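The values are calculated or read from the model by the stated rules, or taken from the named source; none is laboratory data. Here the structure is a predicted model, which is why all the values come from computation and not from measurement. Glycine also receives a Cβ, built like all others from the backbone with ideal geometry; neighbour counts cover every protein chain displayed.
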Amino acid sequence: MPENGGSVLTIGIYPNMAKSGIIDVIGQVADFFILRGAKVLLQAEQAAVCGRPELAEERNRMIQQINVAITLGGDGTILHVARELAHAQIPVCGINMG
């Protein structure tokens with residue numbers, strides 16, 4: 001996993017919790033990156049629903065920490081997150097769950 005200036009890559013996962021099977025996908029994506037040395041963050045409420053409290057972070061603090069965002073959902077999810085993170089110039093990668 002590439003590192004940024006000697007620091008660990010930090011990834012924020014932004015799921016559409018209404019999508020079928022999303023909890024399993026969140027776990028798979030988080031584990032994929034964690035096993036490769038990245039730090040993964042998920043909004044606290046979503047982390048609680050997924051049973052992954054170790055990923056929990058408050059939304060505004062999450063934006064301050066992540067290097068990249070991964071959306072799990074559809075076009076609406078990626079557009080919403082891209083608008084939210086544009087001011088922080090955080091790249092967004094979308095995974096279509098449709």
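Numbers for the structure displayed
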item	result
Filtered residues of the range 78-98 (kept if among the aliphatic types (A, V, I, L, M) and surrounded by 15 or more Cβ atoms within 10 Å (Cβ to Cβ))	Ile78, Val81, Ala82, Leu85, Ile90, Val92, Ile95, Met97
Residue in the range 58-77 that is part of a helix (DSSP H, G or I), crowded, with 16+ Cβ neighbours inside 10 Å and not polar (S, T, N, Q) present	yes
Scope the range 1-57; condition among the small types (Gly, Ala, Ser), modelled with pLDDT of 95 or more, surrounded by fewer than 18 Cβ atoms within 10 Å (Cβ to Cβ) and not in a loop (DSSP other than H, G, I, E, B); matching residues	Gly27, Ala44, Ala48, Ala56
